[in-house]
Amino acid sequence: MFQLTKSEWSEVITNCDNLPQNVKFSPTTPYAFTEQGVAMLSSILNSDRAIIVNIQIIRVFTRIRLFLYDHSELRIEIEHIKKRLTNQDKNIELVFQYLDELLNKKDNLNPRKRIGYKPDNL
């Protein structure tokens, strides 16, 4: 069990609109349980209601863990895509740089002397 910090508590208040007013404006921050703390608490409390509530809380912790795991894989995939995009940006810049060099080279070329048959008007 641990006590929430002020910033964590303000985040809980903004995310949970259905909290009672006396809880929202309490001068002290609430305590929270970790998953292991709930498991230990369930071994102490023996009433039917406590057992059902603790099972539900463990299920919520499990869902949250799975949710975070799924999103961490997505985040890793997004990072891989970002890396590829930055590499592609660098490659595209390099291609444009080469094209600019070729265009500048073409503009700076001196006219070549014609070889072969030369008509009178040229």
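The values are calculated or read from the model by the stated rules, or taken from the named source; none is laboratory data. Treat the numbers as computed from the prediction; the structure is a model and nothing was measured. Using ideal geometry, Cβ is built from the backbone for each residue, glycine included, and neighbour counts are taken over all protein chains shown.
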(Q) Looking at segment 1-46 only, could you name the residues that are of a type in the set (Gly, Ala, Ser) and more than 31 Å from the chain's Cα centre (by Cα)? (A) Ser26, Ser42, Ser43
Q.
Whether any residue in segment 6-18 is part of a helix (DSSP H, G or I), exposed (fewer than 10 other Cβ atoms within 10 Å of the Cβ) and either among the small types (Gly, Ala, Ser) or touching a residue at least 12 places away in the same chain (Cβ under 8 Å) (or both) is what I want to check.
A. yes
Q | Selection from segment 3-39 of residues that are farther than 21 Å from Thr62 by Cβ, modelled with pLDDT under 80 and in contact with a helix residue (DSSP H, G or I) (Cβ under 6 Å, 6 or more places away or on another chain) | A | Lys24
